Amino acid sequence: MASPYQSLVILTGAGISAESGLGTFRDKDGLWTQYDLRDVATPEGFARNPALVHEFYNARRRNLLEAAPNPAHAALADLERQWPRDFLLVTQNVDDLHERAGSTRLLHMHGELLKIRCENCGDRRECRQDIDLATACPACGTPGYLRPHVVWFGEMPLGMAQIEQALAACDLFISIGTSGNVYPAAGFVAEARRQGAHTVELNLEPSEGHSVFAEKRYGPASEIVPAFMRALL
Ligand code: BV8
């Protein structure tokens, strides 16, 4: 296998799932144009109006169950299978399209839409149905404490220690389908570059942090990601 690189970290965002029919956040018809993130993606918003938040995530969960992975997801699962050395796919996405494409060395730093957790007993499990305030926790039986297992603004992202470790050791960092607006994810490229990694942006258009990347390719993920991964191998 030709690649000169040993240790790879890939970061994905909503753009990789756009061609699977899942809305992005900041594009012209993105989620944040329909909802105020302070109302639906913060603990304070959930405390103020839990019914609105459940409606928001129930709609996204139903939408996800209709969606399917696209060639960009498949190319990353294929690369992982052929990459014998260090490999970590970090996604900001709460959808399960990477898993459905076959990715396994995967970390959902902002949580998973198909999981719920109970704020009364801490139970965490898969959930493919709508939930609301009346839904009883399957473990403790108490209604009113269930929430989507996602990371809201102001909450600590998941797996930061594993991510920091992988960034400190990587010699190749690839960012796919993200606008670079949300931290700490938007700061990963600078960390990777600081410790000498080669950095690549694959996106529809230049992101907020595009100037930090050493190499850039622009176009739809379903086209540029398979092409780039084929060249890498
Ligand atoms: C935290 C889960 C403490 C829920 C999400 C420093 C400076 C400023 C602010 C902060 C800062 N540090 C922290 C903050 C606050 C905040 C933040 O970043 N605010 C922003 C708004 C300024 N961050 C937090 O609160 C984070 N927590 O900081 O805790 C801490 C700090 C350090 C270390 C430890 C702890 C928690 C943030 C997580 C919030 N939860 N999601 C849900 O999904 O409902 S964020 C959510 O929005 C997504 O997960 C994702 O992260 C983000 C959306 O961004 P993208 O995925 O990039 O999507 P976007 O639509 O913006 O862009 C899509 C891109 O794709 C575009 O560029 C487009 O061109 C491209 N594209 C479109 N179509 C295609 C395509 N590309 C290729 N092909 C296509 N077809």
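The values are calculated or read from the model by the stated rules, or taken from the named source; none is laboratory data. Quick caveat: nothing in here was measured; it's all calculated off a predicted structure. A quick note on method: Cβ atoms are made from the backbone with ideal geometry, for glycine too, and the neighbour counts reach across all protein chains shown. To get the accessible areas, we keep the full protein, side chains included, count just its heavy atoms, and leave off ligands, DNA and RNA. Shrake-Rupley method; radii C 1.70, N 1.55, O 1.52, S 1.80 Å.
Miscellaneous remarks
- Area accessible to solvent at residue 188, 1.4 Å probe radius, in Å²: 0 Å²
- Ranking by accessible area, most exposed first, for 151, 53 with a 1.4 Å probe: 151, 53
- Kirkwood Rh (inverse of mean 1/r, distinct Cα pairs), the stretch 125-168, angstrom: 13.0 Å
- The relative contact order of the chain comes to 24 percent, based on Cα pairs under 8 Å that sit 6 or more residues apart.
- Residue 193 accessible area, 1.4 Å probe, all protein chains in place, Å² to nearest 10: 110 Å²
- 11 Å beta-carbon shell around residue 214, net charge (K/R +1, D/E -1): 0
- Estimated vicinal HN-Hα couplings, Hz - the stretch 138-154 in sequence order (Karplus 6.51, -1.76, 1.60; Gly, Pro = x): x, 8, 9, x, 8, x, x, 10, 7, 9, x, 7, 10, 8, 8, 4, x
- Rounded FRET efficiency, nearest 0.05, which uses the C-beta distance separating residue 121 from residue 51 and R0 of 25 Å: 0.70
- Computed over the chain, Cα set: Rg, Dmax in Å: 18.0, 56
- Once C-alpha pairs closer than 8 Å and six or more residues apart are averaged by separation and normalised to the residue number of the stretch 154-227, the relative contact order reads 28 percent.
- Theoretical gain in end-to-end length, residue 82 to residue 67 [0.36 nm per residue, Cα-Cα removed]: 2.8 nm
- A cut-off of 5 Å between modelled amide H atoms, ignoring neighbours fewer than 5 places along the same chain, links residue 172 with 7, 9, 198.
- Gaussian network model of the chain, springs between alpha carbon atoms under 10 Å - residue of 91, 42, 135 with greatest fluctuation: 135
- A convex hull fitted around the alpha carbon atoms of the stretch 1-113 yields 109 Å³ per residue.
- Those Cys residues of the chain for which no other cysteine Cβ falls under 4.7 Å: 127, 170
- Computed over the stretch 17-73, the P(r) curve from all C-alpha pair distances, binned at 10 Å from the origin, holds 23, 45, 27, 5, 0 percent per bin.
- These residues, 218, 5, go from largest to smallest accessible area, 1.4 Å probe, as 218, 5.
- Descending principal axes extents, the stretch 132-198, alpha-carbon based, whole Å: 51, 23, 19
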